[in-house]
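Novice: Let me begin by handing over the structure; questions about it come next.
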Amino acid sequence: MPSVLPLGDPAPADGILPAQAAVGADSRPFGLYAHIPFCAVRCGYCDFNTYTARELGGGASQDEYAATAVAEVRLAARVLADSGLPARPMSTVFFGGGTPTLLPARDLTTILRAAVEAWGLQEGAEVTTEANPDSVTRDSLQELADGGFTRVSFGMQSAVPHVLRVLDRTHRPERVPQAVAWAREAGLAVSVDLIYGTPGESMDDWETSVRTALSYEPDHISAYALIVEEGTKLAAQIRRGQVPAIDDDDHAAKYTLADGLFAAAGLHWYEVSNWARTPQDACRHNLAYWQGADWWGIGPGAHSHAGGVRWWNVKHPTAYAGRLQHGQSPAAGRETLDAPTREMERIMLQTRLAEGIRISSLGPAGRREVPLLIAQELIQPAAAFRDLLVLTLKGRLLADAVVRRLLPD
Amino acid sequence: MSPMARTATVPAATDPAVIRNFCIIAHIDHGKSTLADRMLQLTGVVEQRAMKAQYLDRMDIERERGITIKSQAVRLPWELDGVSYALNMIDTPGHVDFTYEVSRSLAACEGAILLVDAAQGIEAQTLANLYLAMENNLTIIPVLNKIDLPAAQPEKYAAELANLIGGEPEDVLMVSGKTGVGVEALLDKIVRDLPAPVGDPTAPARAMIFDSVYDSYRGVVTYVRVVDGQLSPRERIQMMSTRATHELLEIGVSSPEPVPTKGLGVGEVGYLITGVKDVRQSKVGDTVTTLHKPATKSLGGYQDPKPMVFSGLYPLDGTDYPVLRDALEKFTLNDAALVYEPETSAALGFGFRVGFLGLLHLEITRERLEREYNLDLISTAPNVEYEVTLEDKKVLKVTNPSEYPVGKIAEVREPMVSATILAPTEFVGAIMELCQQRRGVMNGMDYLSEDRVEIRYRLPLAEIVFDFFDILKSRTRGYGSLDWKADGDQVSDLVKVDILLQGEQVDAFSAITHRDKAYAYGVMMTGKLRELIPRQQFEVPIQAAIGARIIARESIRAIRKDVLAKCYGGDITRKRKLLEKQKEGKKRMKMVGRVEVPQEAFIAALSSDESSKDKSKK
Ligand SMILES: Nc1nc2c(ncn2[C@@H]2O[C@H](COP(=O)(O)OP(=O)(O)OP(=O)(O)O)[C@@H](O)[C@H]2O)c(=O)[nH]1
Ligand SMILES: C[S@@+](CC[C@H](N)C(=O)[O-])C[C@H]1O[C@@H](n2cnc3c(N)ncnc32)[C@H](O)[C@@H]1O
Ligand code: SF4
Ligand SMILES: [Mg+2]
């Protein structure tokens, strides 16, 4: 979640949602995202809304953060009810950052408990936290599991020291298998995040990282092509020529390599950048984003969605905490999407999924592209005969171009 | 010391003996308009507080670029030895594209101030304009300007000037348009040295049109110089070339605002308003007479300027085509040098082929069209006019490479110019090398002084209109200056080079070049396009071809990755907005076959390498 907020309409101080948010809410799952905006150091490539200071003050310090987040949980429950949305137990919860595990495990479970009190939690719900390998211990992982977490996603990024160095990662590679083992012990499902295409990373380096990650036998892997976000240290280094620029062809080759190795190890893609051992191991929280579910995002800069209404909180933790202390909604802006825009988002998000998108649900312009997409080997012919548009490997690498062709004129 | 005149002369009742008509001519930027400012001030026609630099450069584009495009005539009162005189001063442009403006101004004068920058010395347009003035039998007053500059070398250049036009170096006046030094003395000298106009006040009226300007409030304003007889308000006048008659609604003088008068008499310069709406009904060079007592012999014509370079102008947004059409029509009302006709391009849609006097004229016209009519335009690579004779003896004029006939060509003629280059002697070698590369043939060389030469070449126009001057400047460290004029045509070995994208010819990129230069053009253009066209989902070959023969090729590799790695809850809005932008961007793409070419690529591929904005000034 890049930290620059979009431009939208102003959000009211009481946070009440437009009527559209409630329409059809009964049939939509509901989830919670909790943003923890703290990190030990800022990685050079990272554009997330995160802060390294312990003392931001005014309810935004690391010590006070859990209490502030709980305040938003309570406000959220009230706003949803007052906006006419039914109370729905959460089907998924995701703690992301920043580095959620920089806070004591107790703080995370406190926030989770408040949310469960507010909405309830579905039987078998997925509760994930992101974690940096060096910000967890055997005990903290056990405490998270005891407090209701079911899944942990480790930011491994690479197994190669010189690549980790360019990425500014502080952990030693050996730390990852240890953290994975502890998580397993605690009964948590495990995912690891990888980044490929870092300047200076060779094809062999990348293969090493992929094979190393697979050797930990995770349930799930996310592999991201490195994005050079504007305004980051990495972007400046590239601009000044201090590190080489990233290269799309290199990305494509590395994606292809990884996809092959993952598949051989029994991990299958279900979204452009995500692979899971079984369909049950897919990250259900993230799938909910792509399938148009409702979720509330708590924390500074966090985004939320309900029935085609999207809103986002003020960015800075101090401003965020200040709003809540005055009993006001921390929402900074929002947009109420009309039907064509929702349709555009649906195509944009579902095309990325292995489950695909119904061809018959596309407009005439999109349907017209289908034969050409088959001919260009961008979508799977067999699926197309079953009315499903599913990307091929080549198509996944050109997913944005495919999406542009599927949109109505 | 001559104060401003106490009693101003009265138009229509001014004795020709107290009239002096002169223009200020010089190389570009030598300070004509600034000197004119001082004259406006000293003679009191512009009040001190209304004064601003280059007062007579009124168009926005003149002010922004600091150059004169249109001549301006002003009547100035001046007193010498107790006699009140009427001076008609015409400030002229210095840029070679607008030489025709200078020649029409000269026709209204008996004398010319030849102004030379005392830090630069004589340059190519100094010579060109001097030559024009002598051709018109004008009396020349040589003047060195900018003597306030520390780098000024007045003695050296006074000698050069005296050498050029005869006379003694001491006769060369020294002035500074900036400080005003010497300007009064110059005005006195104008009165003393320039001949008064002569004409027959009783003969049928004859007035020479030397400018014709469309004004949205007043219609066409026609500037004339009366030679014989008298013109009076409310009279019916007649254009001698067409015999068309018009009612004279207003007659007056510029000082410098228009001041209506009781008429204009022999030797006077002023304006006429008849209510016509098109400058072509009031043609520069035509003779005005009166209907009740018409003259029989016209004053002798002035030729319409001939367009030298042609370019296709296309609106970026196809729906702007009617706006562009109307805008061009309005522009021609005021610019007899501009010609246009509709054309279509497979790549660019509907547009116009427009003829210009030179690249500066093109650039200025385009900029004014964009600004005044809020248009975004693409202009295709400029071309000269070729004359193609087919084997069946049919003759075609080709100004657009895509109209170049295929096969069966007997001969092709291209327009030539005679060029004069002035530069310090040390650069002779470099200049000759450049002209040789440009297929030039030397016509001669003269030493103006020990350290300055004039080199004359005959060159194909196509070789000099584009980047020649920039290269000349850089090879002579800024000291070289260039003047050129049309000089017939010649048979040349020319070919048309086509550019193909994925096998499809892109008409906007075709060019006519000399056979020896076709390869270089092909390599340059295919290379440029490879950089400019974004990678597509398939490989795109780019080829340059003469007919069916491929002479250069490049290829754009297929794009392999076009996907954002991450698209989570907080990314969705941003990602969607990006998609919306890309969709908009797709509308700005031109399709060449299946290849999407951004309009920016067309613009960039068609513009010359360096931004030509400020360089084209000289
Ligand atoms: N120092 C100094 N600068 C001058 C003098 N006269 C003109 N300039 C400067 O020279 C530049 C060109 O002056 P203009 O009066 O616009 O020259 P021009 O000959 O009318 O130029 P074109 O109309 O474009 O041919 C301007 O920057 C003037 O300020 C002078 O006597 N002394
Ligand atoms: C919210 S982040 C942070 C989680 C945790 N703080 C960490 O860094 O390990 C989740 C994942 O996004 C990925 N990521 C962050 N910035 C990225 C970038 N600029 N390009 C590609 N992936 C990025 C990393 O793989 C990271 O593990
Ligand atoms: S630890 Fe994670 S969230 Fe923090 S700066 Fe690094 S990548 Fe960003
Ligand atoms: Mg001027």
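Novice: Could you work out [θ]222 nm for the protein assembly as shown from helices alone, using -39500 (n - 2.57) per DSSP H run of at least four and dividing by all its residues? Round to the nearest 500 deg cm²/dmol. Don't jump to the answer; show the numbers that get you there.
Specialist: On the way: 29 runs with 309 residues, N = 1027.
After summing the helix terms and dividing by the residues of the protein assembly as shown, the value is -9000 deg cm²/dmol.
Novice: I've got another one for you. How many percent of all Cα-Cα pairs in the protein assembly as shown sit more than 41 Å apart?
Specialist: Working: 303167 of 526851 pairs.
Tail of P(r) above 41 Å: 58 percent of Cα pairs.
Novice: Quick one: with all protein chains in place, what share of the accessible area of the protein assembly as shown is carbon or sulfur, to the nearest percent (1.4 Å probe)? Please report the intermediate quantities before stating the final value.
Specialist: Working: 21520 of 41290 Å².
Result for the protein assembly as shown: 52 percent of the exposed heavy-atom area is carbon or sulfur.
Novice: Okay, next question. Please identify, among A:105, A:183, A:375, the residue showing maximal mean-square fluctuation in a Gaussian network model of chain A using a 10 angstrom Cα cutoff.
Specialist: Comparing A:105, A:183, A:375 in the GNM, the peak value goes to A:375.
Novice: Determine the sum of side-chain charges near residue B:226: Lys and Arg each +1, Asp and Glu each -1, restricted to other residues whose C-beta is under 12 angstrom from that of residue B:226.
Specialist: Details: positive: B:206, B:225; negative: B:200, B:228, B:268.
Here the count lands on -1.
Novice: Moving on to the next point. Got the relative contact order for the stretch A:127-191 handy, in percent, Cα pairs under 8 Å and 6 or more residues apart? Walk me through the intermediate numbers first.
Specialist: Numbers: 80 pairs, mean separation 28.8, N = 65.
Worked out over the stretch A:127-191, it gives 44 percent.
Novice: I would also like to ask the following. For chain B, with every protein chain kept in place, what is the accessible area per residue (1.4 Å probe, Å²)?
Specialist: Numbers: 25740 Å² over 618 residues.
Ligands and nucleic acids excluded, the result is 42 Å² per residue.
Novice: Separate question: Taking the Cα centre of chain A as the origin and placing charges on Cβ (Lys, Arg +1; Asp, Glu -1), which of A:274, A:158, A:295 is farthest toward the positive end of the dipole?
Specialist: Checking the options against the dipole of chain A, the answer is A:295.
Novice: Quote the FRET efficiency, to the nearest 0.05, computed for residue B:326 versus residue B:58 with a Förster distance R0 of 22 Å and r equal to the Cβ-Cβ distance.
Specialist: Details: r = 23 Å, r/R0 = 1.06.
The computed FRET efficiency comes out at 0.40.
Novice: With a sphere of radius 14 Å drawn around the Cβ of residue A:265, what net charge do the other residues whose Cβ falls strictly inside it have (Lys, Arg +1; Asp, Glu -1)? Walk me through the numbers before you get to the answer.
Specialist: On the way: positive: A:211, A:277; negative: A:207, A:217, A:219, A:259, A:281.
Neighbourhood net charge equals -3.
Novice: Return the loop-located GluC sites (Glu not before Pro) in the stretch A:147-235 (DSSP other than H, G, I, E, B) with at most 10 other Cβ atoms within 10 Å of their own Cβ; answer none if there are none. Walk me through the numbers before you get to the answer.
Specialist: On the way: sites: A:174, A:185, A:201, A:207, A:229, A:230; in loops: A:174, A:201, A:229, A:230.
Counting only loop positions with at most 10 other Cβ atoms within 10 Å, the GluC sites (Glu not before Pro) in the stretch A:147-235 are A:174, A:230.
Novice: Once phi is turned into ³J(HN,Hα) by the Karplus curve 6.51 cos²θ - 1.76 cosθ + 1.60 with θ = phi - 60°, what whole-Hz value does each residue of the stretch A:307-317 show in order, with x for glycine and proline?
Specialist: Couplings: x, x, 9, 10, 9, 8, 7, 4, 7, 7, x Hz.
Novice: If you find the alpha carbon centre of the stretch A:283-327 and of the stretch A:352-409, how far apart are they in angstrom?
Specialist: 31
Novice: For peptide A:395-407, how many partner chain Cβ atoms fall within 10 Å of a residue's Cβ, on average?
Specialist: Numbers: counts 1, 2, 5, 7, 5, 9, 7, 3, 5, 6, 2, 0, 5.
Across the residues of A:395-407, the mean count of other-chain Cβ atoms within 10 Å is 4.
Novice: Under the classification rounded if a/c is under 1.5, otherwise prolate if a/b is larger than b/c and oblate if not, where does the stretch A:132-252 fall, given a ≥ b ≥ c as square roots of the Cα gyration tensor eigenvalues? It would help to have the intermediate numbers written out before the result.
Specialist: Numbers: a/c = 2.46, a/b = 1.99, b/c = 1.24.
Prolate shape, in that a/c is at least 1.5 and a/b is the bigger ratio.
Novice: Whose amide H sits under 5 Å from the amide H of residue B:88, counting only residues 5 or more places off or on another chain, with H placed in the peptide plane?
Specialist: B:20, B:21, B:22, B:76
Novice: While we're looking at this one, here's another question. With the contact rule set at Cα under 8 Å and sequence spacing of 6 or more, what percent relative contact order holds for the stretch A:9-290?
Specialist: Details: 451 pairs, mean separation 46.5, N = 282.
About 16 percent, as a whole number.
Novice: With a Förster radius of 30 Å, plug the Cβ-Cβ distance of residue B:296 and residue B:485 into 1/(1 + (r/R0)^6) and report the FRET value to the nearest 0.05. Please report the intermediate quantities before stating the final value.
Specialist: Values: r = 33 Å, r/R0 = 1.10.
About 0.35, to the nearest 0.05.
Novice: Then there is this: Taking the Cα centre of each part, how many Å lie between the stretch B:271-348 and the stretch A:6-27?
Specialist: Value for the Cα centre distance between the two parts: 61 Å.
Novice: Turning to a different aspect of this structure: Exactly which trypsin sites (Lys or Arg not before Pro) in the stretch B:331-428 are in a DSSP loop and have at most 16 other Cβ atoms within 10 Å? Don't skip to the end; give the middle numbers.
Specialist: Values: sites: B:353, B:366, B:368, B:371, B:393, B:394, B:397, B:408, B:413; in loops: B:393, B:394, B:408.
Filter output for the stretch B:331-428: B:393, B:394, B:408.
Novice: Here is a follow-up. Given the options A:197, A:24, A:96, state which has the largest fluctuation in a GNM of chain A using a 10 Å cut-off (strictly under) for Cα springs.
Specialist: The residue with the greatest mean-square fluctuation here is A:24.
Novice: In whole Å, how far is the Cα centre of the stretch B:19-74 from that of the stretch A:241-265?
Specialist: If you average the Cα positions of each part, the centres end up 66 Å apart.
Novice: Sequence-distant or interchain residues sharing an amide H contact under 5 Å with residue B:417, placed H: which?
Specialist: B:459, B:461, B:487
Novice: While we're looking at this one, here's another question. Once phi is turned into θ = phi - 60°, what whole-Hz ³J(HN,Hα) does the Karplus curve with 6.51, -1.76 and 1.60 give for every residue of the stretch B:58-74, x standing for Gly and Pro?
Specialist: These are the phi-based 3J(HN,Hα) values: 9, 5, 3, 5, 5, 5, 5, 8, x, 10, 8, 10, 10, 5, 9, 9, 9 Hz.
Novice: When ranked by the protection proxy of mean other Cβ atoms within 10 Å per residue, highest first, what sequence do the peptides B:34-40, B:499-505 form? If you can, show how the numbers build up before the last one.
Specialist: Working: B:34-40: 23.7, B:499-505: 18.0.
My ranking of the peptides, most packed first, is B:34-40, B:499-505.
Novice: Rounded to the nearest 100 Å², what's the accessible area chains A and B bury against each other, both chains counted, probe 1.4 Å?
Specialist: In total, this chain pair buries about 3600 Å².
Novice: Tell me, which cysteines of chain A are without a disulfide-compatible partner by the Cβ under 4.7 Å rule?
Specialist: For chain A, the answer is A:39, A:283, because their Cβ atoms have no other cysteine Cβ under 4.7 Å.
Novice: Just want the answer: with Cβ charges of +1 for Lys and Arg and -1 for Asp and Glu, which residue in A:379, A:406, A:341 is farthest toward the dipole's positive end in the stretch A:338-409?
Specialist: With unit charges placed on the Cβ atoms, the residue in question is A:379.
Novice: While we're on this one: Taking H as built 1.01 Å from N, whose amide H comes closer than 5 Å to the amide H of residue A:157, not counting residues under 5 places away?
Specialist: Here A:193, A:194, A:195 satisfy the definition.
Novice: Count neighbours as other Cβ atoms within 10 Å of each site's Cβ, and list the GluC sites (Glu not before Pro) in the stretch A:302-407 that are DSSP loop with at most 14 such neighbours. Write down the numbers at each step before the final one.
Specialist: Values: sites: A:335, A:343, A:345, A:355, A:369, A:377; in loops: A:355, A:377.
Filter output for the stretch A:302-407: A:377.
Novice: Helices from chain B with mean Kyte-Doolittle at least -1.0 and a Cα length along the axis of 24 Å or more, per DSSP H: which?
Specialist: Taking the DSSP H segments of chain B (at least 24 Å long, mean hydropathy at least -1.0), we get B:515-532.
Novice: Within 10 Å of each Cβ in B:573-585, how many Cβ atoms from other chains are there, averaged over the peptide?
Specialist: Details: counts 14, 6, 6, 10, 3, 2, 8, 3, 0, 5, 5, 0, 1.
Going residue by residue through B:573-585 and averaging, the value is 5.
Novice: Treat each spin label as a single point 7 Å out from the Cα along the C-beta direction, and report the residue B:477 to residue B:247 distance in nm.
Specialist: It is 6.6 nm.
Novice: Compute the relative contact order of chain B as a whole-number percentage, counting only Cα pairs closer than 8 Å that sit 6 or more residues apart in sequence.
Specialist: Values: 1356 pairs, mean separation 60.8, N = 618.
RCO, chain B: 10 percent.
Novice: Sticking with this one: Among the listed pairs B:528/B:581; A:394/B:590; B:70/B:277; B:262/B:293; B:330/B:408; A:233/B:581, which are separated by more than 29 Å between their Cα atoms? Before the final figure, lay out the partial values.
Specialist: Values: B:528/B:581 26 Å; A:394/B:590 26 Å; B:70/B:277 19 Å; B:262/B:293 18 Å; B:330/B:408 40 Å; A:233/B:581 26 Å.
Beyond 29 Å between Cα atoms: B:330/B:408.
Novice: Taking every DSSP beta bridge with both residues inside the protein assembly as shown, roughly what % is antiparallel (nearest 5)? It would help to have the intermediate numbers written out before the result.
Specialist: On the way: 131 of 184 bridges.
Among the beta bridges of the protein assembly as shown, antiparallel pairing accounts for roughly 70 percent.
Novice: Could you check what % of the DSSP bridge pairs in chain A are antiparallel, to the nearest 5? It would help to have the intermediate numbers written out before the result.
Specialist: On the way: 23 of 56 bridges.
Here the antiparallel bridges make up roughly 40 percent for chain A.
Novice: For residue B:581, tell me the accessible area in Å² from a 1.4 Å probe, rounded to the nearest 10.
Specialist: The value for residue B:581 is about 150 Å².
The values are calculated or read from the model by the stated rules, or taken from the named source; none is laboratory data. Keep in mind the model is a prediction, meaning the values are calculated, not measured. Heads up, the Cβs are rebuilt from the backbone with ideal geometry, glycines too, and the neighbour counts pull from every protein chain shown. Protein only, heavy atoms only, side chains kept; ligands, DNA and RNA dropped before computing areas. Shrake-Rupley method; radii C 1.70, N 1.55, O 1.52, S 1.80 Å.
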